[in-house]
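In what follows, a single structure is set out as structure tokens and then discussed.
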Amino acid sequence: MSDVASGPDAAGFPYRLVATDLDGTLLRTDDTVSARTRDALAAVTAAGAAHIVVTGRAVPWTRHVLDDLGYDGLAVCGQGAQVYHAGEHRLLTSVTLDRQLAGVALAKIEAETGPLYLAASRDGLDGEVLVGPGYEVGGKLPAMPFTDAQDLWSAPLNKIYIQHPTLTDDELAEVARRTAGGFVTVVMAGAGVVELLPLGLSKATGLSLAARRLKLRAADTIAFGDMPNDLPMFAWAARGVAMANAHAELKAVADEVTSSNDEDGIAVVLERLLGES
């Protein structure tokens, strides 16, 4: 998959940049990408458009997926914190969390919710994800357990993950924004995934940086996503397409709702646009 648009017309394809979220969007529930979706993305890149993966996962949790896809372009990882060159296995930009502010934010949230279950993503190409007692990691993603809270703060972080024993994800995210939104950005990125990020960071931040490297703009971009953390990306892009399995908050602002991630929703839209061009 190419990372550079080859011409201004993109052979009639109406967008020069296709930005896709990963989990719940490009990936099916079995963590694979269908042959139909691979073919559709290959067709739009052959038509001259660029494809950028934009994911909440940090690079260490993303790299194996990109390698399996044969993806050699730019990827935006860590909710916009990292711009990664997949073909060169190189981190181009990275934003880290102010650990002092994050500590204050956690204290403010826990003052209202009681103790939280915590995990954290360390910065870097090989940054580990630290997981504390009670925190549940979905799927088979690699993580390193910790029991001493000091370990959480011993190295630079991209983000902190929080879970609560009784609050829903939406409830926890709402409390976190209300109590700590002046210190960190709070996003809900999936089931059991509420994150504290550097203040002001979003997927749109990283996507705009990656697009600029390709000399592309928001007006050139169609974006696909499924969760509230994709809201800034939809606001930035010319067109936002929500999956059928998307959170209601994202569907409410989407320009279009396509089929689910298990029903080739990205391919359905790209094939139609290719057919119209």
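The values are calculated or read from the model by the stated rules, or taken from the named source; none is laboratory data. Note that the structure is predicted; figures quoted are calculated from it, not measured. Positions of Cβ are generated from backbone atoms using ideal geometry, with glycine treated the same way; all protein chains shown enter the neighbour counts. Just the protein is used for accessible areas: all its heavy atoms, side chains included, with ligands, DNA and RNA removed. Shrake-Rupley method; radii C 1.70, N 1.55, O 1.52, S 1.80 Å.
Probing with 1.4 Å while keeping every protein chain in the model, the per residue accessible area of region 227-277 equals 40 Å². Computed from the Cβ-Cβ distance with R0 of 25 Å, the FRET efficiency linking Glu276 to Asp72 stands at 0.35.
May I ask for the equivalent-ellipsoid semi-axes of region 153-221, computed as the square root of five times each C-alpha gyration tensor eigenvalue and listed largest first in whole Å? Present the calculation step by step, with values, prior to reporting the outcome.
Working: eigenvalues 152, 42, 24 Å².
Working from the Cα gyration tensor, I get semi-axes of 28, 15, 11 Å.
Here the Gaussian network model covers the chain, with springs between Cα atoms less than 10 Å apart; of His85, His247, His64, His64 fluctuates the most. When the Cα convex hull of region 14-71 is projected onto planes of every orientation, the mean area is 4.0 nm².
Roughly to the nearest percent, how much of the accessible area of the chain is carbon and sulfur, given a 1.4 Å probe? Intermediate results must be reported in sequence, preceding the final value.
Working: 5780 of 11200 Å².
In the chain, the share of accessible area belonging to carbon and sulfur is 52 percent.
Using a Gaussian network model of the chain in which every pair of alpha carbons under 10 angstrom is joined by a spring, one finds that among Gly127, Gly80, Gly138 the greatest mean-square fluctuation is at Gly138.
Can you tell me how region 75-169 classifies by the Cα gyration tensor, rounded, prolate or oblate, using a/c under 1.5 as the rounded cut? Intermediate results must be reported in sequence, preceding the final value.
Working: a/c = 1.99, a/b = 1.67, b/c = 1.19.
Because a/c hits 1.5 or more and a/b exceeds b/c, region 75-169 counts as prolate.
Compared with the direct C-alpha span, the chain from Ala155 to Ala43 gains 36.1 nm at full extension, assuming 0.36 nm per residue. Couplings for region 76-81, taken from phi via the Karplus curve 6.51 cos²θ - 1.76 cosθ + 1.60 with θ = phi - 60°, read 9, 10, x, 6, x, 6 Hz in order; Gly and Pro are left as x.
Loop by DSSP (not H, G, I, E, B), at most 15 other beta-carbon atoms within 10 Å: where is the longest site-free stretch of the chain for trypsin sites (Lys or Arg not before Pro)? Excluding the exposed sites themselves, the longest stretch runs over 1-139. Around Ala19, which amide H atoms from residues at least 5 apart in sequence, or from another chain, sit under 5 Å from its own amide H, with H modelled in the peptide plane? Excluding prolines and chain starts, which carry no amide H, the hits are Ile52, Ile222, Ala223, Phe224.
Sequence-ordered 3J(HN,Hα) estimates for region 254-265 from the Karplus curve with 6.51, -1.76 and 1.60 and θ = phi - 60° stand at 5, 6, 7, 10, 9, 5, 6, 5, 7, 10, 6, x Hz, glycine and proline given as x. Once a ≥ b ≥ c are taken as the square roots of the eigenvalues of the Cα gyration tensor of region 171-277, is the result rounded (a/c under 1.5), prolate (a/b larger than b/c) or oblate (a/b not larger than b/c)? Judged from the Cα gyration tensor, region 171-277 comes out oblate (a/c at least 1.5, b/c at or above a/b). For the options Val184, Val104, Val95, a Gaussian network treatment of the chain with springs between C-alpha atoms closer than 10 Å singles out Val104 as fluctuating the most. Given the chain, what whole percent of its Cα pairs are spread farther than 24 Å? Tail fraction, whole percent: 46.
Using C-alpha pairs below 8 Å separated by at least 6 residues, the relative contact order for the chain is 21 percent.
Computed from point charges on the beta carbon alone (+1 for Lys and Arg, -1 for Asp and Glu), the dipole magnitude for region 151-195 about its Cα centre is near 160 Debye.
Per 0.36 nm of contour for each residue apart, how much would the distance between Lys215 and Ala143 grow if the chain were fully extended, relative to their Cα-Cα spacing? If you can, show how the numbers build up before the last one.
Details: separation 72, 0.36 × 72 = 25.92 nm, distance 3.63 nm.
Result: 22.3 nm gained on full extension.
Between Leu125 and Leu101, residue separation times 0.36 nm minus the direct Cα-Cα distance comes to 6.3 nm. Amide H contacts under 5 Å for Ala244: Thr258, Ser259, Ser260, Asn261, restricted to partners 5 or more places along the chain or on a different chain, H placed in the peptide plane at 1.01 Å from N.
Charging the Cβ of each Asp and Glu at -1 and of each Lys and Arg at +1, and nothing else, the dipole of region 1-136 about its Cα centre rounds to 200 debye. In the chain, the longest principal axis of the Cα atoms and the axis of helix 59-69 are about 30 degrees apart.
Where only DSSP H runs of four or more residues are counted, the chain gives -9000 deg cm²/dmol as its mean residue ellipticity at 222 nm, each run worth -39500 (n - 2.57).
Across the alpha-carbon atoms of region 4-130, the computed radius of gyration and Dmax are 17.7, 56 angstrom. Per-residue 3J(HN,Hα) values for region 175-180, derived from phi via the Karplus relation 6.51 cos²θ - 1.76 cosθ + 1.60 with θ = phi - 60°, read 4, 4, 5, 5, 8, 10 Hz in sequence order (x marks Gly and Pro).
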